[in-house]
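Down below is the structure, laid out as structure tokens.
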């Protein structure tokens, strides 16, 4: 099943049904009177957190959800039936954000949790509701109240106790496979992991959940690489495990890259507790380990743990360190950590070039704007645009008569241009009428204006 962690949907609760205008007319009953019933209430939009779901793929191909409207009232003081509700089942950890992705409208963190997100409109009153001692035969009724409608974003943020961070090929998936029963794809090329993976880690007699997300690169908050949208899946974690590839030439630069992306992303990720692990120690000499460990400790100001996910060296020590912090955090805050509203950076469609440096996303236009490598139009292209322009002449432009007057008083350079035009006319004696008209049009324009 394809993993999808965000979707934009349109929701509308049902409108209330209209009231009825009816009168009781029976034999041997002298005064029947009004007996129109009320309309039924519209259906609600209900959102439920379902256990066993881990993707929002159901909302990829259907984006509009409209609840049933209430039924109309009927004679005999019969009220209309209530409209049917729409129940949207989403994974645990799903947030409902407004259209601008700035406000969390609902956060479902427990299995079975239900929220009436949009309430259906109330039904209208029938004419029986409006009868009074002075108005005994009212023909008035209410059409019912409209339902609510709204565009919202569904954003899944997985619930895990610990999160794995690092550059591509830092060994995150290898660590997850070595400590859990999860079987992520592992290869020796960057961006092997394309979707977050969850695994249950057992440390001693206790367990906790760890999340592995795709690697980050420099500029991920601007949409480079896979972007930073998957960072939302570690926002609920209580601690971060930052793995650094020990075989990299500059481990300090690798550490700084991830820290800069966390600060640029926001979501309180930069303030979370983290354990720094120097991974792939099996491929390093003891002198290299000591040197790189000292450099990382000087940069981060924290202890750096040495491990190897492939051989298991130092893995258990890292797990017990994570478990200790998780237990302390749960004692202080036993509930699931509520993640803030974080806006995901829209990415270009598949097959298009990634945004260049200096480009920014324009929300109103819905496109990337700016950039340094935008190729300016060549002078010839601009001239062709001016010649082929069919728009009406703007104020200050020369009319056709003015152009003819100018041709009579052209200077020497312009006469040379006329001679060239004349030669071109002689060469085109045998051409069809359409080519002659094109040559005539060029002659009218005279010399081309300079491009400023």
Pick from 303, 299: which is closer than 22 Å to residue 251 by Cα, surrounded by fewer than 12 Cβ atoms within 10 Å (Cβ to Cβ), in the same structural domain as residue 221 (by TED's automatic domain parsing) and in contact with a helix residue (DSSP H, G or I) (Cβ under 8 Å, 6 or more places away or on another chain)?
303
Residues satisfying the stated conditions in the stretch 160-178, i.e. surrounded by fewer than 19 Cβ atoms within 10 Å (Cβ to Cβ) and either closer than 22 Å to residue 64 by Cα or under 28 Å from the mean Cα position of the chain (by Cα) (or both):
168
Of the residues in the stretch 286-308, those that are free of Cβ contacts under 8 Å to residues at least 40 places away in the same chain, in a helix (DSSP H, G or I) and touching a strand residue (DSSP E or B) at 6+ places or on another chain (Cβ under 9 Å) come to 293, 294, 297
Given the structure, is residue 272 in contact with a strand residue (DSSP E or B) (Cβ under 7 Å, 6 or more places away or on another chain) and under 19 Å from residue 322 (Cα atoms)?
yes
Wholly inside the stretch 26-94, strands (runs of 3 or more DSSP E) that include 2 or more residues that are closer than 14 Å to residue 11 by Cβ and touching a helix residue (DSSP H, G or I) at 6+ places or on another chain (Cβ under 9 Å) are 86-91
Residues located in the stretch 119-164, provided they are in a strand (DSSP E or B) and under 22 Å from residue 340 (Cα atoms)
150, 151, 152, 153, 154, 155, 156, 162, 163, 164
Residue 10 fails exactly one of the following numbered conditions: (1) modelled with pLDDT of 95 or more; (2) crowded, with 18+ Cβ neighbours inside 10 Å. What is the number of that condition?
(2)
The one condition in (1) over 30 Å from residue 226 (Cα atoms); (2) surrounded by fewer than 19 Cβ atoms within 10 Å (Cβ to Cβ); (3) out of contact with any strand residue (DSSP E or B) (no Cβ under 6 Å at 6 or more places or on another chain) that residue 82 fails to fulfil:
(2)
Going by the structure shown, is residue 97 surrounded by 21 or more Cβ atoms within 10 Å (Cβ to Cβ) and touching a residue at least 24 places away in the same chain (Cβ under 8 Å)?
yes
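The values are calculated or read from the model by the stated rules, or taken from the named source; none is laboratory data. Just so it is clear, the structure is predicted and the values come from calculations on it, not from any experiment. Neighbour counts run over all protein chains shown; Cβ positions are idealised from the backbone, glycine included.
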